[in-house]
Amino acid sequence: KNQVEQSPQSLIILEGKNCTLQCNYTVSPFSNLRWYKQDTGRGPVSLTIMTFSENTKSNGRYTATLDADTKQSSLHITASQLSDSASYICVVYTGTASKLTFGTGTRLQVTL
Amino acid sequence: NAGVMQNPRHLVRRRGQEARLRCSPMKGHSHVYWYRQLPEEGLKFMVYLQKENIIDESGMPKERFSAEFPKEGPSILRIQQVVRGDSAAYFCASSSGTGYTEAFFGQGTRLTVV
């Protein structure tokens, strides 16, 4: 069964600190992996898209890594801000199924 | 260039009524996806449509739910005879193609069945 698992389920960090979110997937065949940010009550917004051949990709303070051999990805957030408080969702796209498989997300709370 | 537009943003229905959720994709996008998000849960795929065609409806409940994406106008997700368990946020996403192409999400419709 195609699955995307994320950890931790929730995380609280102090403003200015760094954090790393994990994503493991069993989705096959693999086409690309995406990280989305979802603010409460809003739709998901894309942060990065990574294909099989890409190991790392940055978008401002967000850096995603991908290890296609171990089927693991991580999202590193540097110098966190209060506005980073949101759910971060790992999504895998399977080329043949033409649909996105979503993880359940990590709820991040950044506090003062 | 407006983003993906969903309406209404909030919808309240009594048990047994029908709910119609609308999604206007981004200009130039011909692929539409519908997802349901229950409270405290992740998004679950429901259906994938292209203009006038249902490509994959493997996530749609077998009864009461239907979706369409006509040649003209928005995509419609229709829920007949709603029950309390249908209360959820329903998100629509659109893209210009498959594969690497970006999928953009709307703000969602929050359905409450009372």
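Looking for something surrounded by fewer than 18 Cβ atoms within 10 Å (Cβ to Cβ), of a type in the set (G, A, S) and within 12 Å of another protein chain (Cβ to nearest Cβ) - is there at least one such residue anywhere in the range A:75-90? No, because not a single residue in the range A:75-90 is surrounded by fewer than 18 Cβ atoms within 10 Å (Cβ to Cβ), of a type in the set (G, A, S) and within 12 Å of another protein chain (Cβ to nearest Cβ). The criterion of at least 3 residues that are among the aliphatic types (A, V, I, L, M) is met, among strands (runs of 3 or more DSSP E) falling completely within the range B:1-80, by B:43-50, B:75-79.
Annotation: of all residues in the range B:55-65 being away from every other protein chain (no Cβ under 12 Å) and more than 27 Å from A:T40 (Cα to Cα), the one that is most open to solvent (accessible area, probe 1.4 Å) is B:K62. Among the residues of the range B:96-110, not a single one is open to solvent by less than 10 Å² (accessible area, probe 1.4 Å), more than 14 Å from chain A (Cβ to nearest Cβ) and among the β-branched types (V, I, T).
Under the condition of being in contact with a strand residue (DSSP E or B) (Cβ under 6 Å, 6 or more places away or on another chain) and more than 10 Å from chain B (Cβ to nearest Cβ), which residue from the range A:40-49 is farthest from A:S85 (Cα to Cα)? Here the answer is A:T48. Name the single residue that is surrounded by the fewest Cβ atoms within 10 Å (Cβ to Cβ) among those in the range A:13-47 being closer than 29 Å to B:R110 by Cα and among the charged types (D, E, K, R). Once the filter is applied, the top-ranked residue is A:D39.
For A:V110, the requirement of being at pLDDT below 95 and aliphatic (A, V, I, L, M) is not met. Would you be able to tell me the number of residues in the range B:1-43 that are of a type in the set (S, T, N, Q), closer than 24 Å to A:C90 by Cα and open to solvent by 60 Å² or more (accessible area, probe 1.4 Å)? Number satisfying all stated conditions: 0.
The values are calculated or read from the model by the stated rules, or taken from the named source; none is laboratory data. From a predicted model like this one, the values you see are computed outputs, not experimental measurements. When we count neighbours, we look across all protein chains shown, and the Cβ atoms used for this are built from the backbone with ideal geometry, even at glycine. These area figures cover heavy atoms from the full protein model, side chains too; ligands, DNA and RNA do not enter into them. Shrake-Rupley method; radii C 1.70, N 1.55, O 1.52, S 1.80 Å.
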